[in-house]
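These notes are about the structure you will find just below.
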Amino acid sequence: MKSQYNMFKVVAISFLVTVSVFISGCLKERESTGAAASTSAWFAGATSAKNLGGYPSAVKVSWARADRSTLGYNIYSLRANSATGVNEWTLVGAVDADQTTYTDSDSLSEGQVYTYKVQAIDATSGAEDGNSKQVSTVTFYGIAGVTITGKTTATVSLNGSTGAFDSIHIYAQPKNGNGTATLVASANGNVENIDITGLRSGVNYKFSARAYMSYLAAEDGNESFVLGQTYSDSFGSGKTSDTTYYYRGVLNFRGFGLAPNATSGPTGRQFNMTWLPFSNATGATKYKIVRSTTTSIDMTASTACTSTTTASCKVCEVTGSPYCEDTALAAPPQTYYYAISVVKTDSSGATYAEELPCQNTTDCSNMALYTVKAHVPPDYMVLVQRDAANYEMCLNINASSDPRHNQRCVYSGLGAVPATTGPSKPSKSYDAGYYDFGYNVMVDRYRVACNWTKTSATCGPNGCVDVLNSVDNSTTPPSNALGVMGNVFYGHHKAWWTQDSCYVKSGSGWVGLSSTTSLTDAEIASAITNDPGPTGEKHRPAVSIFTQAAGSKMCNVQSTAYGTKRLLRRREYLVATPLPYIAGEPGYMSSLLAGAAPKNPLCDPDLYTPVTRATTISEWLAPGNSFVSMNVGGNSLNAWDNYANLKHFIGSPATNQCISRFGIQDPIGVGTVFSDTFVRTSGASTPITIQATTSTLDAGNSDHGSFHFNGTLGPYFYTTNSAGWYAYFGYATWGIPCGGTSATSYFIPAMGLPVCAWTLSSSQNMRKMSEYQLTGQMSTYPVNGTGDSIQYNVHMLATSYSTHSGLSSRYSTFWAGSTTRSYYSNLFCAVEAE
């Protein structure tokens, strides 16, 4: 108490000294030059005398300006004459004509009544107006501090002695939301502390203390206050050491950019937010969600949000499930912060939302611990939100999430944190020993597709589309006689791994998209899209058969409000692509498993009913069709559709329920291209040595930490012993891993890496594949010469590897060298939001 009192006293003295200096510099005492009038018709006199509280005592005297021109005002107070002891009017101050208040702080004593009058000095005669209006108050130091003792209780400490007063009244006024001051406690006699009960939980109050004297039939009126916030069910005391809060953080957070041609889901800008139910929740628990453009969120906000609102605004109040949608979003780039708390009912029956903790001071920086940061995605992109990504991956790691730190979890394995958020971005710093996805990133909602020209007099009646080759794997580009400069051609063919499908008419001929060095940025940009097209015309197949460098270029030619798009990183893909397998999240599918979730009939057009392949271009272009590909003369074009990752249209009605937990349609495929680079560093030897290297396409990406398949100890282990994990491939037509065993026991969920053996005493960094009903398949192709490809697969136990239908887990992958044309047919671009 002593320290709080002294601190308050120093502040009060500083304030009063400042006021005194100001007054002494602009005021001068004036003497009356004539007889004072007994009454005044032009000046009403003093209107109030208010005790200011604090130490030393001070009284503020106020009045309204006179009705005529004045030289100024004289302020008098009844003071005892030092010689006679008789109270008499004593001049205590004088101010200029433009002043209407005066603060008296000249040796006032606490617990005394002080009476004042103000005289106006006529500008013509120099005489005081002579009014007899008196105002009085009592001096009281007021409140010294407050100690919060619980969710509804507190103890107030007082400054100085209180024995001279009839009673002390304690008031509590909510700091936010225009609340009124309420009398919450009172005490008589000489007291230092007063206990308060019956407060609202989780509310930041202004506490004040006022002295009452029956002589005045009024309180002293001081406005001194101290802030204090009661503990809450939602957030406890707000202190880092306090774990008694019920808030559990985000389960999922989906963000959609403008997408008028979306096949399913939102077509406008929208956030779909799902928090975990608070740990004390029931079906009747009511929640309030508030938004702001900063982390200083006022949970008392009642104004509905609009797309232009920047201050705290109310998004939702919901009962039972803490799910909320926000469609009142500004165009990107725009950052919002969201908070959720429980709505309570106080003793009077009024409802209120518990506020974010403010540390019982004016410092509210720890509010950020309970807010969720979201960025509005660009058109046809979705938000992969940090907290939601952490929560799902921590489930895979088998570790508990921390809702006050973006749902991160204890973890020391490979892929724990990113080095950067994007190419050439500055290094990021994160706390060691945790998995943290680390940032928000935007990802294409649909695969990048060939934006072929649908109307062209020189291409044909169906536009620039045709069957290029239906019987073999030879390369057959479109005829140069077709099309004009700038046209884009999509060609069906049997050459599923050697031939472009999408071409641009440039110069004297057609140039495939894999030849990005022969095309301008503008030509590449015109040839691609991730807009599926309007209803009845969703005939834009995903681009396929391109190099890593070409995929990177296709992303780089696209600009957004957050910067230039880029290739996805493998670590980003792993959190962006699983289907909603967690109970409580939107679209939850109870039959799905964490590892194999994407292998589901919803994601396989071959299982769509009825299953047919178009036999003509006209049939392929029929409105509303959902064909996978074409069958010409008994030859299925784009063969091994599952392996080559399905050539159906982006936004296909056949897979409009194959949506990742973040809103990406058709997210999974072994042919997805990433910015990460693995290279083969050995020849015809066993084990084959393949290891991660620095990507020339994504400077700063070191997510794999030099992971290598070479039969030696892995590069990352966190205990003091010398054992660890390792993996390697044998040398064969299809490289068999782990010394000849086709299945592995463990894998690293954070990076989706298979592991042949684990020898550390703790396997916290790992998961057994059996926990996911998974098996592992790893191989390299090609495995001779200087091939630098790597492929491995972790898929559902019941699938058949030989038919390639099992290669649809999010953990399956295929890498090829940056100059090697590959099976890539799954191109999603990304852009980091921070």
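Quick one: would you say residue 183 is part of a strand (DSSP E or B), surrounded by fewer than 18 Cβ atoms within 10 Å (Cβ to Cβ) and touching a residue at least 60 places away in the same chain (Cβ under 8 Å)? No; evaluated as a whole, the condition is false for this residue. Assess whether residue 415 counts as being in contact with a helix residue (DSSP H, G or I) (Cβ under 9 Å, 6 or more places away or on another chain) and touching a residue at least 60 places away in the same chain (Cβ under 8 Å). Judged against the criteria, residue 415 is a match.
Might you let me know whether region 436-444 holds any residue that is open to solvent by 50 Å² or more (accessible area, probe 1.4 Å) and either within 26 Å of residue 632 (Cα to Cα) or touching a Leu at 6+ places or on another chain (Cβ under 9 Å) (or both)?
no
Taken over region 618-632, residues that are open to solvent by less than 20 Å² (accessible area, probe 1.4 Å), of a type in the set (A, V, I, L, M) and modelled with pLDDT of 70 or more amount to 1.
The rows are residues; the columns are (1) closer than 17 Å to residue 828 by Cα; (2) under 36 Å from the mean Cα position of the chain (by Cα).
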| residue | (1), (2) |
| --- | --- |
| 505 | no, no |
| 508 | no, no |
| 522 | no, yes |
| 529 | yes, yes |
| 534 | no, yes |
| 538 | no, yes |
| 543 | yes, yes |
| 550 | yes, yes |
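Among the residues of region 241-256, those identified as charged (D, E, K, R) and either surrounded by fewer than 24 Cβ atoms within 10 Å (Cβ to Cβ) or farther than 18 Å from residue 406 by Cβ (or both) are 242, 248. Quick one: what pairs do we get from region 102-122, first residue more than 18 Å from residue 220 (Cα to Cα) and part of a strand (DSSP E or B), second open to solvent by less than 10 Å² (accessible area, probe 1.4 Å) and of a type in the set (Ser, Thr, Tyr), C-beta under 8 Å, 6+ apart or different chains? That search, which allows pairs on different chains as well, returns 118/73; 119/73; 120/73; 121/73. Candidates 274, 309: the one that is farther than 24 Å from residue 205 by Cα and either surrounded by fewer than 16 Cβ atoms within 10 Å (Cβ to Cβ) or touching a Gly at 6+ places or on another chain (Cβ under 8 Å) (or both) is 274.
Checking each residue in region 554-575 for being among the β-branched types (Val, Ile, Thr) and open to solvent by 10 Å² or more (accessible area, probe 1.4 Å) picks out 557, 560, 564. Looking only at region 102-122, decide whether some residue is surrounded by fewer than 16 Cβ atoms within 10 Å (Cβ to Cβ) and at pLDDT 95 or above. Scanning region 102-122, I find no residue that is surrounded by fewer than 16 Cβ atoms within 10 Å (Cβ to Cβ) and at pLDDT 95 or above, so the answer is no. Cβ separations smaller than 8 Å between residues 6+ apart or across chains give the following pairs from region 232-243 residues that are closer than 17 Å to residue 341 by Cβ and free of Cβ contacts under 8 Å to residues at least 24 places away in the same chain to residues that are open to solvent by less than 10 Å² (accessible area, probe 1.4 Å) and of a type outside the set (Phe, Trp, Tyr): 242/236.
Here residue 574 meets the list (1) free of Cβ contacts under 8 Å to residues at least 40 places away in the same chain; (2) out of contact with any strand residue (DSSP E or B) (no Cβ under 8 Å at 6 or more places or on another chain) almost entirely, failing just condition (1).
For region 386-400, the count of residues that are crowded, with 23+ Cβ neighbours inside 10 Å and part of a strand (DSSP E or B) is zero. Here residue 443 qualifies as assigned to a strand (DSSP E or B), at pLDDT 90 or above, closer than 30 Å to residue 335 by Cβ and not hydroxyl-bearing (Ser, Thr, Tyr).
If you go through region 366-385 and keep only what is assigned to a strand (DSSP E or B) and open to solvent by 10 Å² or more (accessible area, probe 1.4 Å), you end up with just 373. Name every residue in region 219-239 that is on the phi > 0 side of the Ramachandran plot and over 25 Å from the mean Cα position of the chain (by Cα), in order of residue number. Residue satisfying the conditions is 221 alone. Exactly one residue among 304, 259, 284 is touching a residue at least 24 places away in the same chain (Cβ under 8 Å), touching a strand residue (DSSP E or B) at 6+ places or on another chain (Cβ under 9 Å), open to solvent by less than 10 Å² (accessible area, probe 1.4 Å) and small (Gly, Ala, Ser), and that residue is 259. Here is the figure for region 316-334: residues that are free of Cβ contacts under 8 Å to residues at least 40 places away in the same chain, among the hydrophobic types (A, V, I, L, M, F, W, C) and within 14 Å of residue 291 (Cβ to Cβ) total 2.
Taken together, the criteria place residue 141 among residues that are in contact (Cβ under 8 Å) with a residue 40 or more places away in the chain and assigned to a loop (DSSP other than H, G, I, E, B).
The values are calculated or read from the model by the stated rules, or taken from the named source; none is laboratory data. Everything quoted here is computed from the prediction, not taken from an experiment. Cβ: placed from backbone, ideal geometry, glycine included. Neighbour counts: every protein chain shown. Areas reflect the complete protein model, heavy atoms only, side chains present, ligands, DNA and RNA absent. Shrake-Rupley method; radii C 1.70, N 1.55, O 1.52, S 1.80 Å.
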